[in-house]
Amino acid sequence: MVTTKVYRCDSPEEELETAWTEEGKDHFNLCHKCGKWVCDAMYNADVLHCADCTPWENKPKYCSHCGLKVGITDTFCRRCGTKLQYREVKDDD
Ligand SMILES: [Zn+2]
Ligand SMILES: [Zn+2]
């Protein structure tokens, strides 16, 4: 039986740190922008950022390559196959 504990995303930082130490890095991802460790559900793997730095709302609506309108659930452009990347949130706008 698997006894892996489930850690909530909104756990206090100490708890996440404990989880990280005990469980390893498997379920945690380093945000390359703010340096925070976040769980899978809060990680935007496309840009290696946490969802705080690059929120899900930043999902592109158009293909950056051919300009085709894409659906919110699309990962690749249906016309040219370009991987759809999240837009980064600029701090200094
Ligand atoms: Zn971040
Ligand atoms: Zn395209």
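The values are calculated or read from the model by the stated rules, or taken from the named source; none is laboratory data. Computed from a predicted model, the values in this text were never measured in an experiment. Heavy atoms of the whole protein, side chains included, go into the accessibility calculation; ligands, DNA and RNA do not. Shrake-Rupley method; radii C 1.70, N 1.55, O 1.52, S 1.80 Å.
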Which entries of K36/K61; K36/K69; K36/K59 have Cα-Cα distances beyond 24 Å here?
K36/K61; K36/K69
What full-extension length gain, to one decimal in nm, is calculated for A41 and T73 as 0.36 nm per residue of separation minus the Cα-Cα distance?
9.9 nm
Round to the nearest 10 and report in Å² the accessible area of D40, as given by a 1.4 Å probe over the protein chains' heavy atoms.
80 Å²
